[in-house]
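Participant: Encoded as structure tokens, here's the structure I'll be asking about.
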Amino acid sequence: MANVELKRPPGAGGLYLKAAIGMTPLAGNRKKELPDTVFSLAPKAVDVDKLSGFCRVTEHTLTGTLPPVYFNVLAFPLHMALLTSNGFPFPVIGLVHVQNKIEQSRPADVSEEIGLQVSATNLRPHAKGRQFDVITEARVGDELVSKATSTYLRIGGGGDKSLADDKSAGVDYSTLPQVSEWRLAGDLGRRYASVSGDRNPIHMHDLTAKAFGFPKAIAHGMWTKARALAAIDNKLPDAFTADAAFKRPILLPSKVTFGVAERADGLDFTVRNAKKGTPHLDGSIVNG
Amino acid sequence: MPAKAPRPVWVIGGNRIPFVRSNGPYSHASNQDMFTAAVDGLADRYGLAGEPVGDFAGGAVLKFARELNLSREVVLGSKLAPETPAFDVGQACGTGLEAAILIANKIALGQIDSGIAGGTDTTSDAPIELNEDLRQTLMDVNRIKDPKKQAFTLLKKFRPGMVKPEIPVNREARTGLSMGEHTAITAKEWNITREDQDQLTFESHQKLAAAWDSGWQDDLVSPYLGVEVDGNLRADTSMEKLAKLKPVFGGKDGTMTAANSTPLSDGASAVLLGTEEWAKERGLTPRARFVDAETAAIDYIVKQEGLLLAPVYAVPRMLERNGLKLQDFDFYEIHEAFAAQTLATLKAWEDPAFCKSRLGLAKPLGSIDRSKLNVKGGSLAAAHPFAATGGRIVANLAKLLEEKGSGRGLISICAAGGQGVVAILER
């Protein structure tokens, strides 16, 4: 196993340049397997100004506790370094973020130094192509406070149609009571980009989104998850698992509804298109 | 229906975030952010997570129009159960203490068994408003139905000067004088010397520094955004250093400086009140009883009373009702908005002529034992995020009385608009 430690987060602009090069034949040879490299950032204090910007855009209260999705923001340069590393099996542009699961063991305070490790694992077939997981581990000292598993899909070869979603199983998110309506502004992608560093062109402008096959700029999936977790912030215990499946992209601007229902051991939530009721995100919290 | 006797009300404890100077570490924190952090710390300390309390009262002096339901929004974003009702209180710098009085009264009357009172203020994230002329023009234009006429009227009425925003100022609406300017008049009237003001300031810093050093603040404050100690505290200040500062109010010969006046600051505080039974059911030890309170207001305009001297009037009324003398207290928590206002308050109670002509008393209230005044430091050292000061003082005094075992404490807080809020705690 190889280790790469980033001394400081690289600028996202350069990373997307690298990502763009990755779409061309200049990318070099792509390997068949995921790299076993672990990308890490040494323990570092959280910048309160940046955190407050994230809290504003995702509507979290700035209590000094790091929002669950914030580790993803802190680790974003590592995600990009991993996904654009030489020989990575897939070009980063074109990967679809289909699932994000956060397992938090305790809340971290802004005064704590957070160390981060990112790696890729579990390359496997999906009904529409192949999928793999990006694991993000956040530690205070040696203590693992948050582990996130982001699943990415590369549409295309290597698919296995027998793996199509089993519609009969699990929660029917469409039946959750819709309790709030959120009006998402046309510049939401740019606003979240400025606080998360994720300047993927599909979120920035209609024109750049069109270049990648979207009719309009789309909201970041992790914004949607962060906003949903902010809405149920006072229901989250110290330790929990927050799983979310990203369904259809939110085309900006948009009006969406937020649905939620409590269970004995947590709750289920969903973000849906206000007009059509089609799902953007289905998620669940499991306490403990 | 038989009348019910009032029940004893206890201060169970309090929590605040460290207070810091304006435009410092809390620059990007809103009133709601800070208040929620203070309440979450209180919930952690007293096991209130997921628990409803009877009522929640709080406020902020400087707040946005969108914060009209600030206290309720704080509850909904906090660890408290969302079934906790909440309401906003506004009485300038008296807000925090007045909120505690309202909660205490509800508990005393048997309407609730527990409640939280507090306050928050930020001068860093202050509401800057649209220019008043522009706002009125836009409202007028909005009332016109024809869109063409609307545009025409807007163009006709618009003046370039209208883009200048309204920035909130610390100024009395009816006199146009700032609070410092008002207090400079009081300082002159009562001959409060620069040296006395600096001495009070120096002692305030020394006492607060000692309270932090000895760990006394540990169960009263929870860190926020990486800040662990009050940012305004200057443990190393000296009379020499204080003497070097130039006056900021009262002109060239003024006695008031940036040190012996409280700075603009950011912070939040909350106190938990309840009956003894409610506390015991939860394994909590109440600290001190909230015995009585009084609010006074004075005519600082035509009668030219000192703007911040209303507590001078409130205290004798409360003493008389309780059959007490000014000297019957073990602790005095007098809010130090300015050293001059604190010292003028004490001098007024000592002055036979003032007590007779203004307070209608045959004898002056007399002097207090100064060693019992603000023994863990006051607002000059801790700073004064307006609505957060009441909660800081109530929690401080309750802890002092619990430590002493038995005794009595007086709280006195002056507020804008010529008002004063005072209270008695006992154990």
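Participant: Do any GluC sites (Glu not before Pro) in the range B:53-122 lie in a DSSP loop with no more than 13 other beta carbon atoms within 10 Å, and if so, which?
Facilitator: Those that pass, being in a loop and sparsely packed, are B:Glu83.
Participant: Would you jot down the residues in the range B:79-117 that end up with at least 20 Å² less accessible area in the complete protein assembly than in the chain alone, with a 1.4 Å probe?
Facilitator: Buried by 20 Å² or more upon assembly, which counts only protein chains, are B:Pro82.
Participant: Let me ask another. Kindly provide log₁₀ I(q)/I(0) values, in the same order as q = 0.06, 0.07, 0.10 Å⁻¹, from the Debye equation applied to equal alpha-carbon scatterers of the protein assembly as shown.
Facilitator: -0.44, -0.59, -1.02
Participant: Hey, another quick one. Using a 1.4 Å probe, what is the accessible area per residue for chain B, in Å²?
Facilitator: Computed with neighbouring chains in place, this is 43 Å² per residue.
Participant: Please work out whether chain A counts as rounded, prolate or oblate from its C-alpha gyration tensor, where a ≥ b ≥ c are the square roots of the eigenvalues and a/c under 1.5 means rounded, while otherwise a/b larger than b/c means prolate and anything else oblate?
Facilitator: In terms of gyration-tensor shape, rounded.
Participant: To the nearest 20 debye, what is the magnitude of the charge dipole of the protein assembly as shown about its Cα centre, counting +1 on the Cβ of each Lys and Arg and -1 on the Cβ of each Asp and Glu?
Facilitator: With Lys and Arg at +1 and Asp and Glu at -1, about 2640 debye.
Participant: Convex hull over the alpha-carbon atoms of the range B:278-427: what's its volume per residue in Å³?
Facilitator: 117
Participant: Among the listed pairs B:Lys207/B:Lys404; A:Lys216/A:Lys255; B:Lys106/B:Lys347; A:Lys101/A:Lys128; B:Lys106/B:Lys399, give every one whose C-alpha distance is greater than 24 Å.
Facilitator: B:Lys106/B:Lys347
Participant: Please list, in order, the residues from the range B:66-110 whose amide nitrogen is less than 15 Å from a point placed 7 Å along the Cα→Cβ vector of B:Lys4.
Facilitator: Hits in the range B:66-110 for B:Lys4 at 15 Å: B:104-110.
Participant: Continuing with the same structure: Sort B:9-17, B:319-327, B:285-293, B:241-249 by packing, meaning the average of other beta carbons within 10 Å per residue, with the highest value first.
Facilitator: So the order, starting with the most tightly packed, is B:9-17, B:285-293, B:241-249, B:319-327.
Participant: Moving on. Cα gyration tensor of the range A:170-288, axes a ≥ b ≥ c as square roots of the eigenvalues: rounded (a/c below 1.5), prolate (a/b > b/c) or oblate?
Facilitator: Prolate, because a/c is 1.5 or more and a/b exceeds b/c.
Participant: Same structure again: Report the residues of the range B:114-135 in range of a label on B:Asn23: point 7 Å along Cα→C-beta, backbone N strictly under 17 Å from it.
Facilitator: Counting only backbone N, you get B:122-129.
Participant: Between the range B:118-190 and the range B:328-352, what is the C-alpha centre distance in whole Å?
Facilitator: Their Cα centres are 35 Å away from one another.
Participant: In cubic angstrom, how much convex hull volume per residue do the alpha carbon atoms of chain B span?
Facilitator: Given the Cα convex hull of chain B, per-residue volume reads 181 Å³.
Participant: Let me ask something else. Using a 1.4 Å probe on protein heavy atoms only, how many Å² of accessible area do B and A hide from each other, summed over both chains and rounded to 100?
Facilitator: Summed over both sides, the interface buries about 1100 Å².
Participant: Could you point to the residue in A:Ala193, B:Gly274, B:Ala293 farthest towards the positive end of the protein assembly as shown's charge dipole, with +1 and -1 charges on the Cβ of Lys/Arg and Asp/Glu respectively?
Facilitator: Value: A:Ala193.
Participant: I'd like the accessible area for A:Arg191, computed on protein heavy atoms only with a 1.4 Å probe and all protein chains in place. Round to 10 Å², please.
Facilitator: About 100 Å², ignoring ligands and nucleic acids.
Participant: Related question: Could you name every residue in the range A:233-279 that has 50 Å² or more less accessible surface in the full protein assembly than in its own chain alone (probe 1.4 Å, ligands and nucleic acids excluded)?
Facilitator: Residues of the range A:233-279 that lose at least 50 Å² of accessible area once the other chains are added: A:Asn234.
Participant: For the range A:103-126 and the range B:374-424, what is the separation of their C-alpha centers, rounded to whole Å?
Facilitator: Centre-to-centre (Cα) distance: 45 Å.
Participant: Turning to a different aspect of this structure: Among A:Gly64, A:Val140, A:Tyr152, whose Cα projects farthest towards the positive end of the dipole of the range A:1-164, with charges put on the beta-carbon of Lys, Arg (+1) and Asp, Glu (-1)?
Facilitator: Looking along the dipole axis, the top candidate is A:Tyr152.
Participant: Once you place label points 7 Å from the Cα toward the Cβ at A:Leu163 and B:Ile167, how far apart are they in nm?
Facilitator: Placing both labels 7 Å along Cα→Cβ, they lie 6.0 nm apart.
Participant: How much length is gained on full extension from A:Met204 to A:Lys44, taking 0.36 nm per residue of separation minus their Cα-Cα distance?
Facilitator: 54.7 nm
Participant: Under unit Cβ charges (Lys, Arg +1; Asp, Glu -1), what dipole magnitude, rounded to 20 debye, does chain B have relative to its Cα centre?
Facilitator: For this selection, approximately 1120 debye.
Participant: Other chains' Cβ within 10 Å of B:28-36 residues: what's the mean?
Facilitator: Taking all residues of B:28-36 together, the mean is 5.
Participant: Further, regarding this structure: Please report how far the C-alpha centroid of the range B:243-300 lies from that of the range A:220-288, rounded to the nearest whole angstrom.
Facilitator: That distance is 42 Å.
Participant: For a Förster distance of 25 Å, can you work out the FRET efficiency between the beta-carbons of A:Thr175 and A:Ala274, rounded to the nearest 0.05?
Facilitator: Given R0 = 25 Å and the Cβ-Cβ separation, E is 0.90.
Participant: Put a dot 7 Å past each Cα toward the Cβ at A:Asp142 and B:Lys145; how far apart are the dots in nm?
Facilitator: Reported label-point gap for B:Lys145 and A:Asp142 is 7.8 nm.
Participant: Calculate the spin-label point distance for B:Lys246 paired with A:Glu262, positioning each point 7 Å from the Cα along the beta-carbon direction, and give it in nanometres.
Facilitator: 6.0
Participant: Same structure, new question: At 1.4 Å probe size, what's the solvent-accessible area of B:Ser367? Round to the nearest 10 Å².
Facilitator: We get 60 Å² for B:Ser367.
Participant: So, with a 1.4 angstrom probe, what is the percent of accessible area on the range A:1-164 that is carbon and sulfur?
Facilitator: Carbon with sulfur: 52 percent of the solvent-accessible area.
The values are calculated or read from the model by the stated rules, or taken from the named source; none is laboratory data. Computed from a predicted model, the values in this text were never measured in an experiment. Neighbour counts run over all protein chains shown; Cβ positions are idealised from the backbone, glycine included. Calculation scope for accessible area: heavy atoms of the full protein, side chains included, ligands and nucleic acids excluded. Shrake-Rupley method; radii C 1.70, N 1.55, O 1.52, S 1.80 Å.
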